[in-house]
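A.B. asks: Quick one: the structure is below, questions incoming.
Please treat every number below as a calculation from the coordinates, not as lab data. Nothing here was measured: the structure is a model prediction, and the numbers come from that model. So basically every Cβ, Gly included, is an ideal-geometry build from the backbone, and we count neighbours across all protein chains shown.
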Amino acid sequence: MKLFARLCEALESPASSAKQAALADYFAAAEPADAAWAVYLLTGGKLGKLVDLKLLRALACQQAGIADWLFETCYQSVGDLAETIALILPTTAFSSELADAGLAFWIQARLLPLRGLPDADAASRLAKDWQALDVQGRWLLLKLASGGFRCAASILAVQHALAAQHGLDPALIAQRMPAYRQAKSLPTAAAYLELVALPASVQNPVHAGQPYPFATSHSLPIAQAVLAPQLDLSFEPDLGLAQLGPVSDWQAEWQYAGLRGQLVKRGGQVWLWSTGAALVSQHFPEIIALAHCLPDGTVLDGEILAWSATQDKPASRLLLRQRMGRKTRGKISAEPEMVFMAFDLLEVAGRDWRQQSQQSRRQQLEQLLVGTAMRVSKVLPAHDWAGLDAMRCAIRGRPQNQEEGEKSGEDALLGVNGVNGVVGVTGLILKNKHMAYATESWWQWQAPAMCINGVLVYAQASQASQSGVGCDYSFAVWSRAPRDSAEVQSVLDAITQGQALTGPNALQLLTFTKVNTGLSATGFKQLERLIRQTTVAKFGPVRSLRPSLVCELAFDSIDASARHKSGVVLEGARLLRMRPELALSQAGLSSGLTALLEASVSLSKVP
């Protein structure tokens with residue numbers, strides 16, 4: 001119990017490396033019976049509600065000798081009932097026999113027997129048992145007994161920790177995990193040992209469905225260059241494409257904004273994998289059903305996409321995330337439709353084809369899927385690099401000779417850039433026709449980013465990001481176009497006074513995103529000085545600022561969101577540059593974000 005309690009405490013660390021190390025240490029030290037229950041709990045298993053915490057609250061007050069009002073004051077400060085009870089209980093001489101007992105003993109001998117007892121009897125028994133534990137152990141006991149235990153580690157992290165500890169492929173653990181988690185019997189040492197056993201030592205091994213390592217793409221140097229606002233977007237072969245040689249050596253495809261996957265058909269069974277050895281078959285039953293048309297010994301590489309059947313094009317990536325977030329017990333609705341867009345063939349008739357050339361693999365893929373309902377990513381016509389560059393820029397509806405910060409027509413009126421373009425696509429993928437399936441043979445040529453001018457309104461202290469910045473900066477757009485400078489000034493005065501303008505069609509600044517990347521260290525230092533000069537109020541780690549600066553922000557995609565004040569959520573948002581030369585009235589409008597959102601869901605079919 002102590003060991004698992006310490007693990008739960010360590011998993012609260014924000015660092016993924018610390019979580020992975022804590023999991024590795026636990027599985028290296030835990031007995032199989034304890035590890036069996038740990039895997040069950042860490043991957044979402046529940047004991048159910050065995051006792052009412054309200055009864056335990058009264059018993060805790062009695063043992064601690066405090067009044068209920070004092071407990072309530074502590075509870076308001078702590079914010080968690082189980083933790084409050086654990087903290088206010090008096091320190092006792094711990095029983096070494098119980099304190100040192102493992103997780104399996106505590107669950108099977110102490111907690112599960114409470115099921116079916118009268119509430120008062122169950123609470124009384126638990127109140128005696130917690131005296132054998134320290135604060136962290138009591139907290140864990142109360143969380144398990146009340147059904148409120150939540151793990152701060154992902155299933156993927158648990159799978160990787162188990163694989164590393166036992167010298168297995170994480171994909172093998174991922175294949176065995178569904179059966180382990182869905183078993184009707186309680187977790188046992190035997191079940192755990194089977195979960196982590198070498199393939200040859202398990203009856204009817206399921207390793208036949210394992211995927212191949214994914215080939216990934218590198219970003220072209222030119223893709224980074226064109227994102228810099230001071231550079232022209234016109235075709236510049238010396239920025240990175242010239243080194244690739246003639247365009248005839250390369251196969252160009254759309255880079256879809258979906259979920260990378262491998263579809264495996266072997267021995268009459270189908271598996272769908274995502275990167276990181278994540279088995280996602282249960283989330284996409286329509287793809288699994290369709291893949292049964294494939295011959296055995298087939299492995300496809302591709303992209304999982306939400307698809308609009310009526311418009312025959314990719315739908316919002318948000319729908320894909322919603323599908324992934326659903327619980328998989330029972331039937332999953334087939335709306336919206338999910339499709340697998342195949343773009344490579346890794347195995348044919350049980351033979352590994354990864355060493356075949358890209359051109360050969362593509363030809364075989366097209367032949368294999370003829371007459372099936374499976375989708376194949378289109379190969380784009382590539383007569384020269386300038387033509388492909390034009391396609392890349394067209395993804396955002398931007399002419400080749402238009403600069404990143406330059407706007408024209410409707411874009412200029414709305415304060416945005418990138419209203420028209422190709423939906424569901426983030427750039428181009430270039431694949432060498434003569435090379436095998438390998439990372440070094442693929443290049444990612446990103447589309448120019450969508451842009452909008454926003455007003456800096458909040459700064460929130462946070463743990464340093466990868467950029468080394470210790471603040472999240474919140475930006476806002478106007479709810480409508482300001483009538484004049486006097487109306488803008490009235491908004492600024494209201495913010496300074498901690499108020500908001502009211503009334504029909506009142507002008508407001510609506511926050512729409514937070515960013516902490518994009519500028520140089522010098523640029524972020526300039527922002528920090530401005531924040532200190534313009535802070536009008538503090539709310540914990542959040543500073544409310546008097547609006548004074550417009551910045552240009554770039555982002556890769558936009559989706560609707562009822563949780564956000566602006567009604568949208570941006571992906572890949574980052575700062576491009578500060579725009580001190582712009583008046584606040586020249587910042588973007590809420591209608592500009594709406595235009596980008598509508599464009600992302602109503603564009604013509606992907607060519």
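A.B. asks: How long is the stretch 70-148 along each principal axis, judged by its Cα atoms, biggest number first, in Å?
C.D. replies: 34, 29, 18
A.B. asks: If you keep only loop residues by DSSP, which trypsin sites (Lys or Arg not before Pro) in the stretch 101-204 have at most 15 other Cβ atoms within 10 Å of their Cβ?
C.D. replies: Values: sites: ARG110, ARG115, ARG125, LYS128, ARG138, LYS143, ARG150, ARG176, ARG181, LYS184; in loops: ARG115, ARG150, LYS184.
Passing sites in the stretch 101-204 are ARG115, ARG150, LYS184.
A.B. asks: How large is the dipole of the chain about the Cα centre if only Lys and Arg carry +1 and Asp and Glu carry -1, each at its Cβ, rounded to the nearest 20 debye? Intermediate values should be presented prior to the final figure.
C.D. replies: Values: 55 positive and 53 negative charges, 224 e Å.
Dipole size: approximately 1080 debye.
A.B. asks: Count neighbours as other Cβ atoms within 10 Å of each site's Cβ, and list the chymotrypsin sites (Phe, Trp or Tyr not before Pro) in the stretch 1-99 that are DSSP loop with at most 15 such neighbours.
C.D. replies: Counting only loop positions with at most 15 other Cβ atoms within 10 Å, the chymotrypsin sites (Phe, Trp or Tyr not before Pro) in the stretch 1-99 are PHE94.
A.B. asks: Just name one of SER490, THR534, GLY518: the one whose Cα is farthest towards the positive end of the charge dipole of the stretch 450-600 (beta-carbon charges, Lys/Arg +1, Asp/Glu -1).
C.D. replies: The residue sitting most towards the positive pole is THR534.
A.B. asks: A further question on this structure: Could you give me D for the stretch 450-600, from Stokes-Einstein at 37 °C and 0.692 mPa s, where the hydrodynamic radius is the Kirkwood radius over C-alpha pairs? Units µm² s⁻¹, please. Before the final figure, lay out the partial values.
C.D. replies: Working: Rh = 15.7 Å.
So the translational diffusion coefficient is about 209 µm²/s.
A.B. asks: If I take every Cα pair under 8 Å that is 6 or more residues apart in the stretch 56-110, average their sequence separation and divide by the length, what percent do I get for the relative contact order? It would help to have the intermediate numbers written out before the result.
C.D. replies: Numbers: 20 pairs, mean separation 18.6, N = 55.
Relative contact order for the stretch 56-110 comes out at 34 percent.
A.B. asks: Still on this model: Taking neighbour counts of Cβ atoms within 10 Å as a proxy for exposure, in what order, fewest first, do TYR212, TYR256 appear?
C.D. replies: On the way: TYR212 17, TYR256 22.
Ascending Cβ contact count within 10 Å gives the list TYR212, TYR256.
A.B. asks: Translational diffusion coefficient, Stokes-Einstein: compute it for the stretch 335-392 using the Kirkwood radius over C-alpha pairs as Rh, at 37 °C and 0.692 mPa s, and state it as an integer in µm² s⁻¹. Working shown, then result.
C.D. replies: Working: Rh = 13.5 Å.
After rounding, the answer is 243 µm²/s.
A.B. asks: Tell me the relative contact order for the stretch 1-146 as a rounded percent, counting alpha carbon contacts under 8 Å between residues six or more apart.
C.D. replies: On the way: 129 pairs, mean separation 54.5, N = 146.
The value is 37 percent.
A.B. asks: Quick check on the exposure proxy: order GLU303, GLU581, GLU9 from fewest to most C-beta atoms within 10 angstrom. Write down the numbers at each step before the final one.
C.D. replies: Details: GLU303 22, GLU581 7, GLU9 14.
Ascending Cβ contact count within 10 Å gives the list GLU581, GLU9, GLU303.
A.B. asks: Going by how many other beta carbons lie within 10 Å of each one, how would you line up MET391, MET338, fewest first? Can you show the working numbers first?
C.D. replies: Working: MET391 20, MET338 23.
Ascending number of Cβ neighbours within 10 Å: MET391, MET338.
A.B. asks: I've got another one for you. For a Förster distance of 22 Å, can you work out the FRET efficiency between the beta-carbons of SER16 and HIS564, rounded to the nearest 0.05? List each step's numbers first, then the result.
C.D. replies: On the way: r = 26 Å, r/R0 = 1.18.
Between SER16 and HIS564 the formula returns 0.25.
A.B. asks: What percent do you get for the relative contact order of the chain when only Cα pairs under 8 Å and 6+ apart count?
C.D. replies: Working: 1067 pairs, mean separation 72.2, N = 607.
In percent, rounded to a whole number, it is 12.
A.B. asks: Report Rg(Cα)/(2.2 N^0.38 Å) for the stretch 1-146, keeping two decimals.
C.D. replies: Values: Rg = 15.4 Å, N = 146, 2.2 N^0.38 = 14.6 Å.
The reported ratio for this selection is 1.06.
A.B. asks: Say the cut-off is 22 Å between C-alpha atoms; which of LYS19/LYS49; LYS514/LYS565; LYS46/LYS265; LYS514/LYS538 go over it? Don't skip to the end; give the middle numbers.
C.D. replies: Details: LYS19/LYS49 27 Å; LYS514/LYS565 12 Å; LYS46/LYS265 33 Å; LYS514/LYS538 17 Å.
Cα-Cα > 22 Å for LYS19/LYS49; LYS46/LYS265; rest within.
A.B. asks: Something else now. Under unit Cβ charges (Lys, Arg +1; Asp, Glu -1), what dipole magnitude, rounded to 20 debye, does the stretch 470-607 have relative to its Cα centre?
C.D. replies: 340
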